[in-house]
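Taking it in order: structure first as structure tokens, then the write-up.
The values are calculated or read from the model by the stated rules, or taken from the named source; none is laboratory data. Keep in mind that what you see is a predicted model, and the values were worked out from it rather than measured. In this analysis, Cβ positions are derived from the backbone assuming ideal geometry, glycine residues included, and neighbour counts consider all displayed protein chains. Heads up: the accessible areas ignore ligands, DNA and RNA and are worked out on the full protein's heavy atoms, side chains in. Shrake-Rupley method; radii C 1.70, N 1.55, O 1.52, S 1.80 Å.
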Amino acid sequence: MIHMPGLPFLASKDGATIDFSLLLIHLLMLAMLLAWGAVFVIILARFRRSRHPKAEYAGIKTRLAGWAEAGVVVAEAAMLVGISIPFWATRVNAVPGADQQPVEVRVVAQQYVWNVHYPGPDGKFGRTNALLVDDKAGNPVGLDRNDPAAKDDVIAVNQLHLPVNRPVIVHLTSKDVIHSFALPELRVKRDAIPGMTVDVPFTPTVTTAQFRNELKAEATRSYSEKPGGLADQLAAIDKRDYEIACAQMCGLAHYRMRGTLVVQTQDEFQKWLKEQSLRSSVVEETW
Amino acid sequence: MTSHSPSLPSKAERNPAAFSFRAALVSTDHKVIGILYGVTALTFLLTGFLIMMLMRWQLAYPGRALPGASALFGSNSARMPGGVMVPEFYYQLGAMHGTIMVFLAIVPLLVGAFGTYLVPLQLGAPNTAFPRLTRLGYWSYLAGGVVWLSSFALPGGAAQSGWTSYPPLSIIAGHGQTFWLIGMILIIVSSIAGAINMIVTIIQLRVIGLTYMRLPFFVWSQLVTAFLLLLAFPPLGAAGILQLMDRVVDTSFFLPSGLVVSGAALTANVGGQTIPRGGGSALLWQHLFWFLAHPEVYVLVLPAMGMVAEILANNARKPLWGYKSMVYGTIFLGVMSMLVWAHHMFLTGMGTVITAFFQATTMIVSIPSIIVLTALLASLWGGAIRFNTPMLFALAFLPMFGIGGLTGLPLGLAVTDIHLHDTYYVIDHFHYIVVCGTLSAIFGGIYYWFPKVTGRAMNERLGRIHFWSSLVLLNCIFMPMFIQGMAGVSRRLYDGGLSYAHAQPVLKLNVFITHAAFALALAQIPFIVNLLWSLRRGPRVEANPWQATTLEWAAASPPLAQGNFETPPVAHRGPCEYSVPGKDKDYTPQWEQ
Amino acid sequence: MTTPRPPEIPYSVTPRPDTGFTNAQLGMGLFLVADLMLFGGLLSSYVLLRVNAGVWPPDQHHPVAALGALKTGLLFLIVAATNAARHGKSSPPRPLFFWLTALAALAFLATTGAEYAKALSQGMAPGVNTYIGMFYALTAVHALHVLAGLVATLSIPILAVPLGKTDPLRLASRRSVTAMYWYFLTAVWFVIFAVLYLA
Amino acid sequence: MAARWMTQVAIGLALLVCAMSCHSGETLQTKPDEPAAPFVPGSSAITGTIKYDGAVPEFLKVPIDTSAVPDCAAHRTTPLYREDLVLGEGQALANVIVHITSGLPKRAYPVPTEPVELTQAGCQYAPHVFCIRVGQPLKVLNPEPMMHNVNANGKANSPFNMSMVSSVKEKSVEFDRPEFVVPFKCDVHPWMNAYCAVMDHPFFAVTGKDGKFTIANLDAGTYDIEAWHEALGVQKAKLQVAKDETKTIDFTFTKPSK
């Protein structure tokens, strides 16, 4: 399949439809622009005053313009009805059910970090309360540790870990202002709005390790063309992560509200979660 | 005051370039106020441009001192310490660039300057229907602009929550936001006054014989624009009042419960008691704002289409093709533009049905634009095209608006909007329409109607230099932004994406864009020189130098200070009867028997 | 510098035959459309906030419906007085009724002031909850409109009546336009009264 | 004609003036200025030691995970610990502000011109708790090439939130009014916080790791004294000091039960 040029690496299941739609609509746009542009240039050349000194009152008689317009309308309608509306319906309605064993995680945005809240082994999110929020004490989401469900919950800052090839539901909200949770490589973007929680479903398909390997292969491939510094490039790729970008202006450090997403195998993910769980129970002791 | 020979006693009265400043201050004449609008809005345009250049420096060279900035701002300034811009100043510039350009420059140029000046002339009217309302509109607009600019001097600086002023960010922001709201309310007053005046003038003051279907397309575009302003601005006014209350008297219309800002719960002191704020909705503002701001996009483009249509017909020397379809298309566009606002909000968690509705309306609203664009292109077919400066700008409008409009499609479809939302692609789409498109039309309009306003022609050679350099540079600035947007680079990043790994491959484009923007500034010098030089030294012209057909050309150049016309003209035919078969000259003005 | 006499604007006092309006009538009509959008924006905000809120009004504090009814009565009085001021097509309207209108408008504003003072003394500042906030927003915007109407009405007996001796048409036009404005404010008030006081 | 125009302008101006006055109303409250006698240092003093009584919480042993903001890790050589409880030898409690709340005569206490310094080295505010006088400059230092923002959320003093981009090494601010206390926070590094007490007299002290404090130069008199800790709350005492006397008073804080 031809890829839409200029897009970032693709690492999610649903992203393919977005990429395909982008390609399709840009091809349509290009065709329209080229056709229109060709007519435009021809007209300007043919009907310049030096060549065509006497204008015709009646003007164009052909129905071509009407057909062209109709064509555009049909193409737009096809994109709309054929792809966009059904796709959105899948996105919104097809939040994976329990049978698909989705990974559930809360993401609570704040100026200027992404707080990630895992339910822990019991699979239940502990109660949260805005009055218990304490950034410096490591409780940015206001988790109530007195709630039994909260005992094993894990809170991480700016670090989202997810297993590969399992459906994910991010329960997205914000503590203060409107942010936008964007994962460019996974083609995920959704506004984080205070006072609302929205479910963002997606499925990562490429682990961070694979992603880096792909980038390295690409760098090595293009190495012959760009002399020098392959080792540096490869070293830089070793630090390259999937990024969580903030796509909605949220204040003075909006530009650096950057988190990382690590996509791991199921085992690695469980191991990480366990480590974090042990750590959390010690650190979060509020006064 | 310039000295003038006794043989021209009426010069002061006839030549607006010579009018006294004092007279202009109290004038209720639509021409004087139109010129005031034009001069003021061009000044704001320049201000917005300078703001953009400051921002572009920061984007190209994040963290590097701007040469000369220490001298200008002081090395210890809160905004640019040591010449390096701080993020909050960048965000002030960002918010104010947007608002200044939209509300103080482009719309006032299109509606305030061209609309106020030309519409009564094109109707054969002596003035607007409510001359004092015209004046109120201008002074209220100016006051709003002054409030906005003065907010830069506040301790916390100007508004910095983006031109959209989304709460809760805008509610917890500094005093600049309050000034922004007050300025906005003044501008809303100005716009509504202007819109009422425009509609009444068009409906009531058409001269004998000037039926609706004989109105120049420019007048139609102004009429639809005025209705958009009239209907879309008041809801923003309501939103502005509510946000002002949120900021000043601690209501919580836009603040949901449970907000924790900077580690502390957001509270208000009400009657000596500290109570938590909340109970409102952050999205309420977005609905009210975009209910204005999407029609506002059409306000930014319809009058430009109107001007382009006039210039194209005149220089192709033939009637507009499909005039009626253009008129109906424009009206349809106006109605539909009220029903598309939530396509700016696809990512706020909207459901399937609402999303489908707004996607569908968005696709439908593109149809009239396509009709108008097709009609304008078809109008050229069979013409005898003159390539003078106004025509070049008007022609450039077509492909530029075309690109801007086309790139709206992937943003209007929810599926592709997911990736492109809030990236440089959006910025680019908007700027292709408003800068590459509308601003081209405005420049075309200035070159085209300058002889009518001043009685003198502008220099053609300088005009061509201005056109070609601007066209090339505008595309150098905006084409690379599509690449950045496609790569997923968010907008409103103070460091232009430096913090993000996924932005690295397209980061160097920032330098190129910035250089092109600085070059674009240089490319405006021929225009400014041309404008000032022609005002005094341009060759004098007759009443109808372009051999045009609409009624403004029936008046002297410049038109009579009082009442515009010696005797009110009568309209005998449609607005662009060029190259009528059987006539010996290739234009048949509306006012000729 | 002497300013030359400004040109006469057509259809300032006589209706344009094909549209049937004078400029002022059409202008006022358009203004009211814009105003309708303003109140529409405020009222739809009210609806949205109310739908989102669990309990509405959020507590027992409620504006006194009697004062609201009094304000409604005053608006009726204004409309009646404005109507009574009409005095045939060719003779000038009667100033007495303008004074009466102005007096009623003044009483309306005073009632609003008393309402606010009472609410504030009970600790009902705008920030208490969104319902109280909406109460202030809607009534204040409406009261500002009444204030503008008061100024416009007073300008007729103070500034325009002497003028009317020579130009009854112009004066009649002023009266009719002011009347349109008062009708509108009264109609909007019904809605505000219903949603705030009776809800 | 001109009169109508003037009316329009006047209304516009009135609106502007309203806007301006709304704005300045918060910042320009006039202080009652009675002429105060000049300050002559007295010879009495209050001194003491502050202790913490209770179990040492686990979190004091676990460093903060700074990996959320990678640029910090590069500038830290030592691990970073939470600072809401800092203990010295023998459970001595640091970061307690002890200050006189009433009983002081009205005097024109001279304001030191040398600035109080607050550094952000290693993504940590130092000092974590400090006092400053009204009108005394606060010099905020940014020794490493990093971006911080200093978000001081005062109530009596107008709040400010200023960025310190990496090229800006220091910034100076002053406070206009006494306030106890102004919280400082860096929004970029969520754990970075500090407390600043803005005082209108010089009779205050902040304990170090030894838990000791001394308030000197007092006249004889009866004073209300208060010890404040950010997490453990406030303790108060009233005491009488004679001329040339140095009175000792100790405070012991316990973990609040809740």
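Annotations for the structure displayed:
Yes/no matrix, rows are residues, columns are (1) assigned by TED's automatic domain parsing to the domain that holds D:Thr66; (2) open to solvent by 20 Å² or more (accessible area, probe 1.4 Å); (3) part of a strand (DSSP E or B):
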{"site": "D:Ala156", "(1), (2), (3)": "no, yes, no"}
{"site": "D:Ser163", "(1), (2), (3)": "no, no, yes"}
{"site": "D:Ser172", "(1), (2), (3)": "no, yes, yes"}
{"site": "D:Arg177", "(1), (2), (3)": "no, yes, no"}
{"site": "D:Cys196", "(1), (2), (3)": "no, no, yes"}
{"site": "D:Asp210", "(1), (2), (3)": "yes, yes, no"}
{"site": "D:Asn217", "(1), (2), (3)": "yes, yes, yes"}
{"site": "D:Lys236", "(1), (2), (3)": "yes, yes, yes"}
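- Any hit, the stretch B:329-342, residues being within 22 Å of C:Ala53 (Cα to Cα) and touching a residue at least 60 places away in the same chain (Cβ under 8 Å): no
- Among the numbered conditions (1) touching a Phe, Trp or Tyr at 6+ places or on another chain (Cβ under 6 Å); (2) at negative phi, the only one that B:Gln524 does not meet is (1).
To keep it simple, each residue is scored yes or no on (1) more than 20 Å from B:Gly34 (Cβ to Cβ); (2) not small (Gly, Ala, Ser).
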residue	(1), (2)
B:Leu118	no, yes
B:Ala125	no, no
B:Leu149	yes, yes
B:Ala158	yes, no
B:Ser161	yes, no
B:Pro167	yes, yes
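- Leading residue by the ranking (nearest to D:Ala220 (Cα to Cα)) among those in the stretch D:231-258 that are among the basic types (Lys, Arg) and free of Cβ contacts under 8 Å to residues at least 24 places away in the same chain: D:Lys238
- Considered as a group, the residues in the stretch D:59-100 that are β-branched (Val, Ile, Thr) and surrounded by fewer than 16 Cβ atoms within 10 Å (Cβ to Cβ) include one that is nearest to D:Gln240 (Cα to Cα), and that residue is D:Thr78.
- Given (1) surrounded by fewer than 17 Cβ atoms within 10 Å (Cβ to Cβ); (2) in contact (Cβ under 8 Å) with a residue 24 or more places away in the chain; (3) under 22 Å from D:Val96 (Cα atoms), index of the condition D:Ala126 fails: (2)
- On the stretch given as the stretch D:129-143, residues that are within 20 Å of D:Pro70 (Cβ to Cβ) and either more than 14 Å from chain B (Cβ to nearest Cβ) or surrounded by fewer than 18 Cβ atoms within 10 Å (Cβ to Cβ) (or both) total 1.
- Failed item in (1) open to solvent by less than 10 Å² (accessible area, probe 1.4 Å); (2) under 13 Å from the mean Cα position of the chain (by Cα), with D:Ala227 passing the rest: (2)
- Only one entry of B:Ser490, B:Ser534 meets the criterion of being in contact with a strand residue (DSSP E or B) (Cβ under 7 Å, 6 or more places away or on another chain) and either over 26 Å from A:His26 (Cα atoms) or surrounded by fewer than 21 Cβ atoms within 10 Å (Cβ to Cβ) (or both), and that entry is B:Ser534.
- If the condition is being in a loop (DSSP other than H, G, I, E, B) and hydrophobic (A, V, I, L, M, F, W, C), then the stretch B:254-291 contributes B:Phe254, B:Leu255, B:Leu259, B:Leu266.
- Sole residue being part of a loop (DSSP other than H, G, I, E, B), within 14 Å of chain B (Cβ to nearest Cβ) and surrounded by 21 or more Cβ atoms within 10 Å (Cβ to Cβ), chosen from C:Gly127, C:Gly133, C:Gly123: C:Gly127
- Exclusive hit being more than 14 Å from every other protein chain (Cβ to nearest Cβ), farther than 24 Å from B:Leu104 by Cα and part of a helix (DSSP H, G or I), set B:Ile442, B:Ile418, B:Ile465: B:Ile465
- Applying the criterion of being modelled with pLDDT under 85 and not small (Gly, Ala, Ser) to the residues of the stretch B:53-99, the residue that is surrounded by the fewest Cβ atoms within 10 Å (Cβ to Cβ) is B:Leu72.
- Candidate set: the stretch A:47-89, residues that are in contact (Cβ under 8 Å) with a residue 24 or more places away in the chain and facing chain B (nearest Cβ under 9 Å); chosen: the one nearest to B:Pro319 (Cα to Cα): A:Ala68
- All of D:Trp228, D:Trp191 fail the test of being closer than 16 Å to D:His128 by Cβ and in a strand (DSSP E or B), apart from D:Trp228.
- With respect to (1) under 25 Å from A:Val263 (Cα atoms); (2) more than 8 Å from every other protein chain (Cβ to nearest Cβ); (3) surrounded by 15 or more Cβ atoms within 10 Å (Cβ to Cβ), the lone exception for A:Leu24 is condition (1).
- Every residue from the stretch D:82-95 that is assigned to a loop (DSSP other than H, G, I, E, B) and of a type in the set (A, V, I, L, M, F, W, C): D:Leu85, D:Val86, D:Ala94
- The set of residues in the stretch B:261-283 being surrounded by 20 or more Cβ atoms within 10 Å (Cβ to Cβ) and within 14 Å of chain C (Cβ to nearest Cβ) consists of B:Leu266, B:Ala268, B:Val270, B:Arg277, B:Gly278, B:Gly279, B:Gly280, B:Ser281, B:Ala282, B:Leu283.
- The stretch B:338-362, subset crowded, with 22+ Cβ neighbours inside 10 Å and facing chain A (nearest Cβ under 10 Å), residue nearest to B:Leu471 (Cα to Cα): B:Thr362
- Residues of the stretch A:155-214 that turn out to be open to solvent by 20 Å² or more (accessible area, probe 1.4 Å), assigned to a loop (DSSP other than H, G, I, E, B), more than 18 Å from A:Asn129 (Cα to Cα) and in contact with a helix residue (DSSP H, G or I) (Cβ under 8 Å, 6 or more places away or on another chain), as a count: 4
- Residues in the stretch B:322-360 that are under 30 Å from A:Val170 (Cα atoms) and within 24 Å of the chain's Cα centre (by Cα): B:Val340, B:Trp341, B:Ala342, B:His343, B:His344, B:Met345.
- Test result for A:Leu230, more than 8 Å from chain B (Cβ to nearest Cβ) and on the phi < 0 side of the Ramachandran plot: yes
- Options C:Val177, C:Val191, C:Val161, C:Val151: the member that is part of a helix (DSSP H, G or I) and within 16 Å of C:Leu42 (Cβ to Cβ): C:Val191
- So D:Val98, is it outside any strand (DSSP E or B), over 30 Å from B:Gly63 (Cβ atoms) and in contact with a strand residue (DSSP E or B) (Cβ under 8 Å, 6 or more places away or on another chain): no
- Residue in the stretch B:357-379 that is aromatic (Phe, Trp, Tyr) and either free of Cβ contacts under 8 Å to residues at least 40 places away in the same chain or not in a loop (DSSP other than H, G, I, E, B) (or both) present: yes
- Among the conditions (1) modelled with pLDDT of 90 or more; (2) open to solvent by 40 Å² or more (accessible area, probe 1.4 Å); (3) among the polar types (S, T, N, Q), the only one that C:Asn83 does not satisfy is (1).
- Output for the stretch A:89-109, where each listed residue is at pLDDT below 85, small (Gly, Ala, Ser) and open to solvent by less than 80 Å² (accessible area, probe 1.4 Å): A:Ala89, A:Ala94, A:Gly97
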